[in-house]
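Everything on this sheet refers to the single structure shown next.
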Amino acid sequence: MMNKLRELLLAGNRQELERLRRLPGDPALWSEKVTPLIDERLEFLKNNFPVEFRISVENIIEQKLEASRDELLDIIYPTLGQMIKKYIQHQIQLLKESLEEQLRNTFQCGIAGRLRYALSGVKPKEMSDSILSKMDGPVIEEIFVIEQHSGILLGSASRHDTIDLDMIASMLTAIKSFVEDAFQRGDEKLEGVQYGTFSILIENFYTYYIAVAVSGSFSSNERMALSDSLAQFAQTDLKVNLKKRDGTSNYLIRQKLEHRFFNPQMAILHGEQNKNPTQ
Amino acid sequence: MISKKIVLTGCFGVGKTSLFNQFLFQRFSEKYLTTIGVKVDKKVIEVNGHKLSMLVWDIAGEVEQEKVPQSYYLGASAIIYVFDLTRPSTWLHMHSDIDYLNRLLKGVLINIVGNKSDLVSPEQLEYMKAGVPLSPNILTSAKTGENVEALFQSIGSALLLQNL
């Protein structure tokens, strides 16, 4: 009777004991019990990750950054430097244009303005150029006279040694041809290429074009002055020399280019006054 | 020194860039990298004591030459029209292509070049000769270098003769 009663009372416990005995060897049972706990913990971590691990993550990042400081600077420095340089050049250009505009207004508006202009005898453009002459202005670095289409170099002048001049002329022509064909804008021609603070200005003539590599920023007035000067050069100096097209024409064109564009006394762009040609 | 523009053209995959690299740098790669736009390089050759600067324009291949931007051809003194000896589809438009180039560049020197000669057997060569619309000026192999130098030398001689 007592045994019967004990069996009845402990039946539930025995079943539980048996289930617990089987637990270590039964993955399905483990999974049933543990998975909800893991899921719950994962959900908690997902929601509270920044709070729980912020300090640890910050420490790891700090250590990593400290350890790779040189590599990081190597990556960032050139881009940053270039951005700053470009920004400064842009600001100088804006300043220059606004200064020119302001001086023009001051000296040309009203009776008082005209009187000031008459007394000083200095034109606004000259004055702004004089104020900005100490600043980093545009400098003609290289000039190429290139045959249209074929890309054959007819003559060039450069301030410094450069890579193969024939190659520059050909590649520039290839780029020009590509752009003019790709965008199919009728008879429109590529008039310039710009990268960073360096520009290649292109002045198109019928059988040839002149490409001028200029460093530094320049205003639209300076662009026009250069354009006029190139047209004048084409009219007076190139006309004769291009007709010859023999071994000496390249040399003659170079001399003319150097005289016209690299001679400080013939400065077209204000930055030219501070530079001397090396050739 | 006299400079001349020479254009390498033809269908894609015929080996224009391989000829270009073999002539300029004496190297060949099995890898096929399609040319985008145009690639220009220069080599100075000497013919009978006269120096000639060859500016070679390697332009992206097109099935038909009318699809190539015209400005790439303009100003060229010589055209090297390349086809693949192993692929009849590369000489399918040869006649119309050459007609087009002659119309576009009057009097220009055109060389028709059958490339990949290292891959063809004598029987295939016979088959090619029977099917190709215009007979090639020269057969080359950019891989082995066969006739590559000879091709450019013959063009150089012809161009110098025109100039003398």
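The table for this structure:
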read-out	value
Search result, residues across segment A:171-186 that are loosely packed, with under 11 Cβ neighbours inside 10 Å and at the interface with chain B (Cβ under 10 Å from one of its Cβ atoms)	A:A182, A:Q184
Out of A:K64, A:K86, sole residue that is surrounded by 11 or more Cβ atoms within 10 Å (Cβ to Cβ), under 28 Å from A:T197 (Cα atoms) and among the charged types (D, E, K, R)	A:K86
Boolean, B:M128 is modelled with pLDDT under 90 and of a type in the set (A, V, I, L, M, F, W, C)	yes
Complete set of residues in segment B:1-36 that are part of a loop (DSSP other than H, G, I, E, B) and either within 14 Å of chain A (Cβ to nearest Cβ) or among the β-branched types (V, I, T) (or both)	B:M1, B:V14, B:T34, B:T35, B:I36
Hey, B:G145 modelled with pLDDT under 95, on the phi > 0 side of the Ramachandran plot and exposed (fewer than 15 other Cβ atoms within 10 Å of the Cβ) or not	no
Scan of segment A:226-269 for residues that are of a type in the set (A, V, I, L, M), within 22 Å of A:Q93 (Cα to Cα) and at pLDDT 85 or above, ordered by number	A:L226
Matching residues in segment B:37-59 - criterion: being within 10 Å of chain A (Cβ to nearest Cβ) and small (G, A, S)	B:G37, B:S53
Count of residues meeting criterion [surrounded by fewer than 17 Cβ atoms within 10 Å (Cβ to Cβ), modelled with pLDDT under 90 and within 14 Å of chain A (Cβ to nearest Cβ)] in segment B:62-105	4
Failed criterion for B:T17 (all others in (1) among the polar types (S, T, N, Q); (2) out of contact with any Asp or Glu (no Cβ under 6 Å at 6 or more places or on another chain); (3) under 25 Å from B:V132 (Cβ atoms) hold)	(2)
Condition check for B:G131: surrounded by fewer than 13 Cβ atoms within 10 Å (Cβ to Cβ) and either within 12 Å of the chain's Cα centre (by Cα) or farther than 14 Å from B:I6 by Cα (or both)	yes
Lone unmet requirement of (1) assigned to a helix (DSSP H, G or I); (2) in contact with a Phe, Trp or Tyr (Cβ under 7 Å, 6 or more places away or on another chain); (3) surrounded by 19 or more Cβ atoms within 10 Å (Cβ to Cβ) for B:G156	(2)
Every residue from segment A:174-190 that is out of contact with any Asp or Glu (no Cβ under 8 Å at 6 or more places or on another chain) and of a type outside the set (A, V, I, L, M, F, W, C)	A:K176, A:S177, A:D181, A:Q184, A:R185, A:G186, A:D187
Candidate set from segment A:159-170 (those that are facing another protein chain (nearest Cβ under 8 Å) and in contact (Cβ under 8 Å) with a residue 12 or more places away in the chain); member that is surrounded by the fewest Cβ atoms within 10 Å (Cβ to Cβ)	A:D166
Answer from B:V113, B:V82, B:V63 - the residue that is part of a loop (DSSP other than H, G, I, E, B) and either of a type in the set (A, V, I, L, M, F, W, C) or in contact with a Ser or Thr (Cβ under 9 Å, 6 or more places away or on another chain) (or both)	B:V63
Qualifying residue in segment A:147-158 (condition: more than 13 Å from chain B (Cβ to nearest Cβ) and at pLDDT 70 or above)	yes
Flag if B:G75 is assigned to a loop (DSSP other than H, G, I, E, B) and within 19 Å of A:I146 (Cβ to Cβ)	yes
Number of the exception - A:L201 against (1) under 28 Å from A:T248 (Cα atoms); (2) within 14 Å of chain B (Cβ to nearest Cβ)	(2)
Filter result for the condition that a residue is in contact (Cβ under 8 Å) with a residue 40 or more places away in the chain and β-branched (V, I, T), over B:I98, B:I45, B:I112, B:I36	B:I45
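The values are calculated or read from the model by the stated rules, or taken from the named source; none is laboratory data. Source: prediction; values computed, not measured. We place every Cβ from the backbone using ideal geometry, glycine too, and count neighbours over all the protein chains shown.
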